[in-house]
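Data first, discussion second: the structure below is written as structure tokens.
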Amino acid sequence: MFRILSKSLKTGVVTKADPFESRPPLGFPVIDFARCTACEECAHACPTGAIALAAPAADRRQLSLSYAACIQCRECVAACPEQVVASGRDVEVAAYTREQLTQTASFDLDGMGRARFTHMEAQAGPGLEESAARLRERIRGLLGRSLHVREVDAGSCNGCELEITATTNPVFDLERFGIHFVASPRHADLLLVTGPVTRNMEIALRRTYEAAPEPRVVVAVGACGCSGGIFGEGTYASIGGVDRVVPVDVYVPGCPPRPQAILNGLLVAMGVREARLNPKAPAASPEPAVTPSPARPRARGVDEG
Amino acid sequence: MTAARDVLRDRLALETLAELRPGEFVAEVPLSGLPETADRAMAAGLRLASLFGSDEGPGGGFAVHHLWAATGPPGFVRVWAPVARDAPRFPSIAAKYPVANWFEREIMDYFGLVPEGHPNRSRVALHDDWPENVWPLRKDFDDRQVVPRVGGQSRPYRPVIGEGVFHVPVGPVHAGIIEPGHFRFGVAGEPILYLQVRLFYAHEGTEKRFERLPWRHGLFLAESISGDTSVGHALAFAHAIERLVGVEPPPRARHLRVVLLELERVYNHVADIAGIATDVAFTVPAARAQILREGLVTMQERLFGSRLLRGTIALGGVKCDLTLGRRREILLDLEGLQREFDDLVTLLIDSGNFTDRVDGTGILPNQVARDFGVVGLAGRASGLDLDLRRDQPHDAYSGLHFVVPLEEGGDVRARFMMRAREVELSLVILRHVLEDMPEGRVRSALPDALPPSSSALGWAEGWRGECLHWVQTDGEGRLRRVKVTDPSFKNWQGLAHAVPGNILPDFPVINKSFNLSYSGNDL
């Protein structure tokens, strides 16, 4: 007993005062669309279809990038011959709709078949502020500063579970924000759901949702929870994103999202933090050991414009 | 090399046994020859590592494959038999060799091939609401469809009858933050009479998904087979592809792969020790272990850009490199970890409150572990001396000499001690590999296409046990079949036999001491 006490005293407080201060070395990709030639190399390299090229007309192209499906594998960064795809350093991304996680750029083709960037498409559905107001309206006052969370694994690979568990460790200690994991949906204000939702978990997820009292909030976690991720959407086994089965209030993309991103998503759902979407450009900090490809030089910071 | 083949050929009486590649042998037998060969293999001390089906597609039939692991001489022997499309059945070996139980029923569920003579021909993988005569891994089954649900219950749970005995159903949504699965306990008050495990809630269609994705993208799917074993499964897949195309990763990459695999082992073992301490309500060491685990994954993020080591393994090598400065940084971090970790383990095993809960709890007897083919740390905790790092070395393990820790108890304490001793061993291996890193490239170039109509086996000793990937290509060089064998698939049956006789409140810590993957099992 004495040893335990002395060890604890010596260790002191390990909890990070500001869990959001650290930036990961490599986050979601950032495309400098203005310099992009819509060559489609990144879309071919993307294993989840997070980057896709469409041809709405013979002389037009649309390149879209969705963080909902992105697994941060950085293949697009390595594949881009123009070096206009870079890894952002801000991964505490959260949104209120799937559409908010997608950016779409339009290009015109000239006579030689070269693509020229024209504009960014307006994002479909409500904007961040409008969605935030709607969510606040729905949960007004009822949650206060206390949030009881039931975690539901609706078919994940367990990567998200590892990081959700990490939010409870002494370093992140999410209970200090008034957030508490509970054992039953009947005690929960919020369901934290990972996916992809499998055919075999669909009914269990629906029932868990129905067992939670109103106003129940749902946060979808991970690329698979947001979009089906690498497992896809609409297969015989994987229904896909959580929103295919129950309504989702907040999306936390990433594969898996860091504990900071999950904590951020929960605070967004409580209305304590604002959802953010646009990762900043890579900062001038030490390069991590990861090199996207041995053959090509790394893409440089591209988001200054 | 041919000497090894000759020895195995004689022992198994397989005239046609061929050596596909070093350590990988194959022989075709008629269907009726499978049980006989199995008898010989078992008698010769081989163990069944996997058993799976495949569909050769239009114009062809099916095949059933028995994958045997031999240690002296070391090698994997795949004995396969063709199955005619109009006679979809194969002889079962499950009555004699329980390790085949789930494997054969899985073939029945996914391919519609009937295991004749199987003592329990009920579904294992497909849930009750899946219709009859729909087999998702057959080639004529399109994965992009919604399969209607059907009513009825085809597999009632085993009843308990008598005064004061009852069922306790748990899951698939659990009270803690764990994966989905259903446990049905038959209990008499607190003591557990038996445990029935129903899994496959996390069946994401992974094996079918491999067949749809371009083969290079299969690596990312492999990383998501079980999130805690990203390196283990990515390595097994990469090994299979590399063997298929005949490309060796450069020496430096082989060393870096060892670093990644051992780091994965360490962070998972430390996290599991936190979990075991939590499940016996010993919160101080639990918190200490959580802090250590967080320190490890933070270091991994700093060094490799990913806390869980995603995106570090490449086909043909690795995507990361470690400068001398970085390597010294890891060594320094690990030194600190070692001190803290030793303290932590002492704190736990010196505490009567802790040993009281783990000693003699959840015993998996050696014979039961052997019968169900239990592998990895759970097997070693029950005295099964198996470790592919030593028995069939991959990557830079062939140049390392180490003694694989072994425990005999088979209880929660033994599995706890295995973790403690394996972390120690991993730190020795890490130190050695980090200090003795060869120079050079970290990635070999791969050809643009896979060879058509061929197959290869890849393996890696992940932290939980052996990860096996068998990859087969079709006539155009696309992936026709990827059979993934996660250690959990064999170990779940072992777990179900370690539980009866214990009390229900001890189940969480027994379960945690195995820490099996649901996703890796359900695929």
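Things worth noting here:
- Cα gyration tensor shape for region B:206-522, rounded if a/c is under 1.5, else prolate or oblate: oblate
- Global form of the protein assembly as shown, assessed from the alpha-carbon gyration tensor, a/c cut-off 1.5: rounded
- Solvent-accessible surface of chain B, averaged per residue with a 1.4 angstrom probe and all protein chains in place: 34 square angstrom.
- Accessible area (Å², 1.4 Å probe, nearest 10) - A:Ser22: 40 Å²
- For region A:161-183, residues shielded by at least 40 square angstrom of accessible area compared with the chain on its own, probe 1.4 Å: A:Leu162, A:Glu163, A:Asn169, A:Pro170
- Axial C-alpha extent at least 15 Å, average Kyte-Doolittle at least 1.0 - helices from chain A (DSSP): A:259-270
- If you take all other residues with their beta carbon under 13 Å from the beta carbon of B:Gly246, and give Lys and Arg +1 and Asp and Glu -1, the sum is -1.
- Within region A:44-101, GluC sites (Glu not before Pro) in DSSP loop having at most 16 other beta-carbon neighbours inside 10 Å: A:Glu82
- Checking every one of the chymotrypsin sites (Phe, Trp or Tyr not before Pro) in region B:115-205 against DSSP loop status and a limit of 15 other Cβ atoms within 10 Å picks out B:Tyr157.
- Residues within the reach of a label modelled at A:Thr118 (point 7 angstrom out along Cα to beta-carbon, backbone nitrogen below 11 Å), restricted to region A:41-62, are A:56-62.
- Per-residue accessible area (protein heavy atoms, 1.4 Å probe) orders B:Thr473, B:Thr71, B:Thr298 as B:Thr71, B:Thr298, B:Thr473, starting from the largest.
- For region B:142-246, the orientation-averaged shadow of the C-alpha convex hull comes to 10.4 nm² (one quarter of the hull surface).
- Taking θ as phi - 60° and the Karplus parameters 6.51, -1.76 and 1.60, the scalar couplings of region B:187-194 work out to 10, 10, x, 7, x, 8, 7, 7 Hz in sequence order, x denoting glycine and proline.
- In region B:123-146, the residues that give up 30 Å² or more of accessible area when the other protein chains are added, compared with the chain on its own (1.4 Å probe), are B:Trp130, B:Asp143, B:Arg144.
- Across the accessible surface of chain B, with the other protein chains kept in place and a 1.4 Å probe, carbon and sulfur atoms take up 53 percent.
- A simple spin-label model places pseudo-atoms 7 Å from Cα toward Cβ; at A:Asp18 and A:Ala183 they are separated by 3.9 nm.
- Normalised radius of gyration (Cα atoms, divided by 2.2 N^0.38 Å) for chain A: 1.07.
- Burial annotation for region B:172-202: residues with an accessible-area loss of at least 40 Å² between the isolated chain and the complete set of protein chains, computed on heavy atoms with a 1.4 Å probe, are B:Val173, B:Ala175, B:Ile177, B:Glu179, B:Pro180, B:Tyr201.
- Taken as entire DSSP H runs, the helices of chain B that both span 20 Å or more between Cα atoms along their own long axis and average 0.0 or more on the Kyte-Doolittle scale are B:230-245, B:251-279, B:283-304, B:324-349, B:412-435.
- Using heavy atoms of the protein chains and a probe of 1.4 Å, the accessible area assigned to B:Trp80 is about 60 Å².
- Shape of region B:286-347, Cα gyration tensor, a/c cut at 1.5: prolate
- Kirkwood Rh and Cα Rg combined as Rg/Rh, region A:128-270: 0.95
- Summing Lys and Arg as +1 and Asp and Glu as -1 over all other residues whose Cβ lies under 13 Å from the Cβ of A:His187 gives a net charge of +1.
- Total accessible area lost when A and B pair, probe 1.4 Å, Å² to nearest 100: 5400 Å²
- Total formal charge among the other residues, if their Cβ is under 14 angstrom from that of B:Pro82, Lys/Arg +1 and Asp/Glu -1: -1
- Normalised contact order of chain B, rounded percent, pairs of Cα under 8 Å and 6 or more residues apart: 16 percent
The values are calculated or read from the model by the stated rules, or taken from the named source; none is laboratory data. These figures come from a predicted structure and were not determined experimentally. FYI the Cβ positions are ideal-geometry reconstructions off the backbone, even for glycines, and counts take in every protein chain you see. For accessibility, only protein heavy atoms count, side chains too; no ligands or nucleic acids. Shrake-Rupley method; radii C 1.70, N 1.55, O 1.52, S 1.80 Å.
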